[in-house]
Amino acid sequence: MAFEWSDDNNADSSSVVHSPAVKEEEEEEEEEGNLEFSQLLLWKASSSSSINSSVTNITDLPPALVSEILCRLDPKELGVISCVSTLLHRLASEHQGWKNFYCERWGLPLAPKSISSPGGKSWKDIFIERESRSRTFLGRYSIDILYGHTEAVRSVFVLSSSNLIFTAGYDSVIRMWDMEEGFSIASSQPLGCTIRALAADSKLLVAGGTGSFIQCWKAVEDLPHLFHLAASHTTNNSEFLQLWEHQGPVTCLALDPFRIYSGSWDMTVRVWDRSLFKCSMVLRHNDWVWSLVPRASTLASSAGGNVYFWDVDTGDLVSVLGNAHVGNACSLARSHMGDLLFTGGDDGSIRMFECTKNCNFSLVASWNPHSDSVNSLAFEFPWLVSASSDGKMSLIDIRKLLKSSRSPAKVNQVAVTRTIVEPPQRMLHGFGWSLFSVGVGGDRIVCGGEEGVVRVWNFSQALEIEQRVQALREMRLDNRMQRRKLQMEMNLKGSQGHQCSVAAKNQMNINGNRNGSWHGRRGVGGKLKA
């Protein structure tokens, strides 16, 4: 979380009456702040480093050790430290820990700018900008409705990196939309079956449904919108492929840089090699597969009411989370690092689990925002969005459940506060139809359902308001700091002028005494002459 200046703190600092020794007092306060935070940081590092007891200030530590200490702080602590003194501000702002925080939450940005590049943003600025954007889902929004499908929309996928939305459903047609403008870009030929799953990245688009096959489109170079959807198997186009091996409807799809994952009601998950487009692994379940989410070398899948955890490098079943829901576990979502797992079920509940390194699951929180089955989940830190057959969407902010551990042995690890039931932060409703799929990207939430239209919840207005508020806050802070600086200069000049006036007065007194004594001598001399 990015640290922001508090108006109350600034008001207190501006109301201080400055003495003639303001500069010296501020230097002493800065040294005390350095000492206080140095002791805190030394305590942070005491678990892994032996430090000389004679060290009392962070400036006395080697740069490598200082960097290691800062790596053990969370974003809020780094933000607090950067406000203590100019030295700590420079150390905390330029630290590479901001890059780690960003990548842990959202992954690498599309075109990251180097800190050393001319005019490029620092990782701290990029982190703060993305963190402020994540608050927009609590602000104002507008709703855009995309028409084009003739029947219910079963699946939506948001490719925010290219500003594209992909939708499909019972009409067996895949449509591609411009996320910013909201117009239809292209549509595919009818595939002859209900499309239940979509997945895409900048190089590949895959779709699957009741036809038991996976339809693949390769990205076309120099094509502004990546994929030539109108291509079909009758055109002998190398960008158009079909994968046949499932024996039942394909219900879920996912991509990573090297693999394609597909789950089916034939009770299997198949792992495909992206370069060869061949099945390399089959993961068998005991019930219909409803959802799957890969992260790194692990895969979470749901079949029936159970959640399975797989090692995709070896194909081994690592652990099973039994009876996660009453009924089927219809939807899954995971955090970017894979340490948090979210499940939605037929019982209308949403549950959050923590995954340890040993692939053990522990229940963290449970929500009951819906009265019908949770058909889809989407997660983009810190928001978890759900779509349900009751026609409602819930927005859940998980930040308050995540707290940094204060234990020296577990610094920089996530400690999760165990709770039983948590209310959602926001509910979006009024559809009157079942919702089947939801996607999140940037400042948009996209959903599709039985109504046969695609709704886009646009929070860009809230983002603009947040940016204006942030700009005004920074302007007030700058003005306050400038007034404080001018006040300090005036106080210093006043103290110097007072010292000069005192010195001049003393000098005048001395001169006056001398003049009086000489006049007395002259007077005496005159009388003697007389």
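The values are calculated or read from the model by the stated rules, or taken from the named source; none is laboratory data. Note that this is a predicted model, so its numbers are computed, not measured. Heads up, the Cβs are rebuilt from the backbone with ideal geometry, glycines too, and the neighbour counts pull from every protein chain shown. Remember, those area values only see protein heavy atoms, side chains included, never the ligands or the DNA or RNA. Shrake-Rupley method; radii C 1.70, N 1.55, O 1.52, S 1.80 Å.
Determine, yes or no, whether residue 61 is farther than 21 Å from residue 335 by Cβ, at pLDDT 80 or above and either touching a Gly at 6+ places or on another chain (Cβ under 9 Å) or crowded, with 16+ Cβ neighbours inside 10 Å (or both). Can you show your working first?
Numbers: farther than 21 Å from residue 335 by Cβ: yes; at pLDDT 80 or above: no; either touching a Gly at 6+ places or on another chain (Cβ under 9 Å) or crowded, with 16+ Cβ neighbours inside 10 Å (or both): yes.
Judged against the criteria, residue 61 is not a match.
So residue 343 clears everything in (1) touching a Gly at 6+ places or on another chain (Cβ under 8 Å); (2) closer than 26 Å to residue 107 by Cβ; (3) buried (at least 22 other Cβ atoms within 10 Å of the Cβ) except one condition, right? Which one?
The one condition residue 343 does not meet is (1).
Condition first: open to solvent by less than 10 Å² (accessible area, probe 1.4 Å) and assigned to a loop (DSSP other than H, G, I, E, B). Now tell me which residues in region 200-227 satisfy that.
227 - this is the single residue of region 200-227 that is open to solvent by less than 10 Å² (accessible area, probe 1.4 Å) and assigned to a loop (DSSP other than H, G, I, E, B).
I want to confirm something. Restricting to region 425-442 and keeping residues that are open to solvent by less than 40 Å² (accessible area, probe 1.4 Å), within 20 Å of residue 346 (Cα to Cα) and outside any strand (DSSP E or B), which single residue is modelled with the lowest pLDDT? Walk me through it before giving the result.
Just the residues of region 425-442 that are open to solvent by less than 40 Å² (accessible area, probe 1.4 Å), to begin with: 428, 431, 434-442.
Then keep just the ones that are within 20 Å of residue 346 (Cα to Cα); that gives 428, 431, 434-439.
Applying the additional criterion that residues be outside any strand (DSSP E or B) yields 431, 434.
On the way: 431: 73, 434: 92.
Among residues in region 425-442 that are open to solvent by less than 40 Å² (accessible area, probe 1.4 Å), within 20 Å of residue 346 (Cα to Cα) and outside any strand (DSSP E or B), the one modelled with the lowest pLDDT is 431.
Every residue in region 95-112 that is surrounded by 14 or more Cβ atoms within 10 Å (Cβ to Cβ) and either more than 27 Å from residue 398 (Cα to Cα) or of a type in the set (Phe, Trp, Tyr) (or both), please.
98, 101, 102, 106 - these are the residues of region 95-112 that are surrounded by 14 or more Cβ atoms within 10 Å (Cβ to Cβ) and either more than 27 Å from residue 398 (Cα to Cα) or of a type in the set (Phe, Trp, Tyr) (or both).
Could you check region 349-404 and list, in sequence order, the residues that are among the aromatic types (Phe, Trp, Tyr) and either touching a Phe, Trp or Tyr at 6+ places or on another chain (Cβ under 8 Å) or closer than 15 Å to residue 337 by Cβ (or both)? Don't jump to the end; show me each part of the working.
In the first step, residues of region 349-404 are kept if they are among the aromatic types (Phe, Trp, Tyr); the result is 353, 361, 367, 379, 381, 383.
Across region 349-404, the qualifying residues are 353, 361, 379, 381, 383.
Please go through region 167-199 and give me each residue that is of a type in the set (A, V, I, L, M, F, W, C) and in a strand (DSSP E or B), ordered by number. Even if it seems obvious, please write down each step before you answer.
The first filter runs over region 167-199 and keeps only residues of a type in the set (A, V, I, L, M, F, W, C), leaving 168, 173-174, 176-177, 179, 183, 185-186, 191, 193, 195, 197-199.
The answer is 168, 176, 177, 185, 186, 195, 197, 198, 199.
Give region 275-308 a look and list any residue that's hydrophobic (A, V, I, L, M, F, W, C), open to solvent by 20 Å² or more (accessible area, probe 1.4 Å) and free of Cβ contacts under 8 Å to residues at least 60 places away in the same chain, or say none. Give the steps one after another, and end with the answer.
So the first thing to find is which residues in region 275-308 are hydrophobic (A, V, I, L, M, F, W, C), and the list is 276-277, 279, 281-283, 288-290, 292-293, 296, 299-300, 303, 307.
Cutting the leftovers down to open to solvent by 20 Å² or more (accessible area, probe 1.4 Å) gives us 276-277, 279, 281-282, 288, 290, 296.
Hits for region 275-308 are 276, 279, 281, 282, 288, 290, 296.
Only residues that are open to solvent by 30 Å² or more (accessible area, probe 1.4 Å), assigned to a loop (DSSP other than H, G, I, E, B) and either among the charged types (D, E, K, R) or within 16 Å of residue 352 (Cα to Cα) (or both): list them for region 309-327, please.
At the first step, the residues of region 309-327 found to be open to solvent by 30 Å² or more (accessible area, probe 1.4 Å) are 311, 313-314, 316-318, 320, 322-323, 326-327.
Within this subset, residues satisfying the condition of being assigned to a loop (DSSP other than H, G, I, E, B) are 313-314, 322-323, 326-327.
The answer is 313, 322, 323, 326.
Residues of region 130-164 being closer than 19 Å to residue 196 by Cα, part of a strand (DSSP E or B) and open to solvent by 30 Å² or more (accessible area, probe 1.4 Å), which ones?
Selection gives 154, 157.
What's the number of the condition residue 267 fails, among (1) open to solvent by 40 Å² or more (accessible area, probe 1.4 Å); (2) at pLDDT below 95; (3) not β-branched (Val, Ile, Thr)?
Going through the list (1) open to solvent by 40 Å² or more (accessible area, probe 1.4 Å); (2) at pLDDT below 95; (3) not β-branched (Val, Ile, Thr), residue 267 breaks only (2).
Under the condition of being open to solvent by less than 40 Å² (accessible area, probe 1.4 Å) and either under 18 Å from residue 424 (Cβ atoms) or of a type in the set (A, V, I, L, M) (or both), which residue from region 346-363 is farthest from the chain's Cα centre (by Cα)? Working first, answer last.
Let us first name the residues in region 346-363 that are open to solvent by less than 40 Å² (accessible area, probe 1.4 Å), namely 348-350, 352-355, 359, 362.
From what's left, either under 18 Å from residue 424 (Cβ atoms) or of a type in the set (A, V, I, L, M) (or both): 348-350, 352-353.
On the way: 348: 27, 349: 24, 350: 21, 352: 18, 353: 19 Å.
Top of the filtered list is 348.
Can you find a residue that is farther than 19 Å from residue 139 by Cβ and either assigned to a helix (DSSP H, G or I) or open to solvent by 40 Å² or more (accessible area, probe 1.4 Å) (or both) anywhere in region 443-457? It would help to see each step written out before you state the result.
Step one: list which residues in region 443-457 are farther than 19 Å from residue 139 by Cβ, which gives 448-454.
After this cut, where a residue has to be either assigned to a helix (DSSP H, G or I) or open to solvent by 40 Å² or more (accessible area, probe 1.4 Å) (or both) as well, the list is 450-451.
Within region 443-457, one or more residues are farther than 19 Å from residue 139 by Cβ and either assigned to a helix (DSSP H, G or I) or open to solvent by 40 Å² or more (accessible area, probe 1.4 Å) (or both).
So in region 252-264, with the set limited to residues that are in a strand (DSSP E or B) and not polar (S, T, N, Q), which one is surrounded by the most Cβ atoms within 10 Å (Cβ to Cβ)?
Residues of region 252-264 that are in a strand (DSSP E or B), as a first pass: 252-255, 259-264.
Applying the additional criterion that residues be not polar (S, T, N, Q) yields 252-255, 259-261, 263.
On the way: 252: 24, 253: 22, 254: 21, 255: 18, 259: 18, 260: 24, 261: 24, 263: 28.
Among those residues, the one meeting the criterion is 263.
Checking residue 176 against (1) open to solvent by 30 Å² or more (accessible area, probe 1.4 Å); (2) farther than 14 Å from residue 376 by Cβ, only one condition comes out false. Which one?
It fails just one condition, (1).
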